[in-house]
Amino acid sequence: MSILSDDIAHVWHPFTQHQTADDPIEIVRAEGVLLYDVKGKSYIDANSSWWVNVHGHGHPHIAEAINDQFKTLDHVVFAGVTHPKAVELATRITAKLPEQLSKVFFSDNGSTAIEIALKMAFQYFHNIGETRRKVVAMQGSYHGDTFGAMSVGQRGYFNKPFEPFFFDADYIDFPNESNEQEVLQQAKSYLEGQEVAVLIVEPLVQGAAGMRMYSVTFLEELTKLAHDFGTLVIFDEVMTGFGRTGKLFAGDFCSEKPDFVALSKGLTAGVMALGLTVASDKVYQAFMSDDASKALLHGHSFTANPIACAVACANLDLFEQDSTWEKIKKIEAWGEFFLEKLKSCDNVCNLRRQGTITAFEVDTGEGNTYFSDVKKLAYDFFLKRGILLRPLGNVIFINPPYTIKEGEYDEITAAVLEFLDSIKN
Ligand SMILES: Cc1ncc(COP(=O)(O)O)c(C=O)c1O
């Protein structure tokens, strides 16, 4: 039975202009990489349900973790209380991160993980009695939709009404093959006054900006530069974490390590709402005091929800299996093969891949823009072919669950090539 009229009556969807939007697709079930609508039609989840799902839907190991944890301990306040799954997760995740990142703060999503990293960075300088109030971020960045996260993200169309309420940030240009040294100089000019508390970046891949990719060398040099001027560094790994870039974390490619890592999305295999802010011991020590107000006075009702933590631990089990990394390697190879095929299409440009993310732009002559007509045209085209793939403007990208089979991946790439052919003049 359709739920559409009740949806229209009562639901306000994210990023949706309800006056002009098409009716939402009624998804009632999911299994593996397939989503099923109310009429039984299947769709390949080509972008992993907003980039979160890493092991396919309904994975039995995740299901078992949810079930067991629900029967054992469903939820408990996390101030003044601890529980085994939070401690297990904190212990296991810090073991996979650089040694100095040893303290885990729990929240509910990517935006809150960022919000907390920013608050920790600002309070760090407050607590040590140093005045640093500035932030350096990167043009095109997206760190979430809460106020702090918006303040350090790309300004403009998506957040205009809120801009008067943002705190200031200085933005470095997006680095490309030809401007890296200039962008580092630009960063230096912001950092050298030693007033910058924190630098925040999406390491190696900017997601929402259109899966834009930059070099490991640049990330290393930028991070090092920030540290040279006493600035703390946040790696926002909300999208890049959990195998997306080909390693567990994008930061694993980089020899210079950040002071904070923000995690969400793939953290729970895309199944439960959970965010983690992992901070260095140096930062943590600045909150130790006889003065209670020097503590991080922040928390959420669902902080360290035991079911979410159990799912994150089960997710780590899967990442500890060779078979997951074998699947990731296969997707990388399929992506590379697809890019080779795309090279013979004359209406594409900026072909790129990092790990399991394969992206390119449809060359419309308008450059890379979120407001391209290609977005809706392509989205509708793929839906008809049973593929749920949401382009970012004229950027078409594939970042599927790692359990996708070769035949399913081929179905996506065949549909993309067909689409490109259909829009040729
Ligand atoms: C890099 C990055 N940071 C933060 C966020 C915000 O995460 P959430 O949507 O869970 O609040 C996102 C979401 O897409 C993201 O891609």
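Since every read-out is calculated from the coordinates, none of them should be taken as a lab result. Because the structure is predicted, anything quoted here is derived from the model rather than measured. Here the Cβ is made from the backbone with ideal geometry for all residues, glycine too, and neighbour counts use every protein chain on show.
Worth a mention:
- Estimated FRET transfer efficiency when R0 is 25 angstrom, pair Glu320-Asn67 (beta carbons, to 0.05): 0.75
- Separation in nanometres of the label points that stand 7 Å from Cα toward Cβ, at Glu418 and Thr364: 2.2
- Residues whose amide H lies under 5 Å from that of His300, counting only those 5 or more places away or on a different chain, are absent; hydrogens are built 1.01 Å from N in the peptide plane.
- For Lys71, the lysines whose Cα falls under 23 Å of its own Cα, not counting residues fewer than eight places away in the same chain, are Lys85.
- Neighbourhood net charge (12 Å Cβ-Cβ; Lys/Arg +1, Asp/Glu -1) for Ala90: +3
- Beta bridges from DSSP with both residues in the range 62-319: antiparallel share about 50 percent, rounded to the nearest 5.
- Positive-end residue, the chain charge dipole about Cα centroid, Cβ charges, pick of Thr303, Ile404, Ile328: Thr303
- Shown in residue order for the range 30-37 are the 3J(HN,Hα) couplings computed by the Karplus curve 6.51 cos²θ - 1.76 cosθ + 1.60 at θ = phi - 60°: 9, 8, x, 9, 9, 10, 10, 8 Hz (x for Gly and Pro).
- Placing +1 on the Cβ of every Lys and Arg and -1 on the Cβ of every Asp and Glu, with nothing else charged, gives the chain a dipole about its Cα centre of roughly 320 debye.
- Remark: the range 115-183 carries a charge dipole of roughly 360 debye about the Cα centre, counting +1 on each Lys and Arg Cβ and -1 on each Asp and Glu Cβ.
- Cross-link partners for Lys294 among the lysines, with Cα-Cα distance under 18 Å and sequence neighbours closer than 8 places in the same chain left out: Lys103, Lys119, Lys282.
- Extension gain (nm, one decimal) between Val38 and Thr82, 0.36 nm per residue minus Cα-Cα: 11.7 nm
- Taking only Cα atoms of the range 239-352, radius of gyration then Dmax in Å: 19.3, 66
- The relative contact order of the chain comes to 22 percent, based on Cα pairs under 8 Å that sit 6 or more residues apart.
- Cα gyration tensor shape of the chain, rounded if a/c is under 1.5, else prolate or oblate by comparing a/b with b/c: oblate
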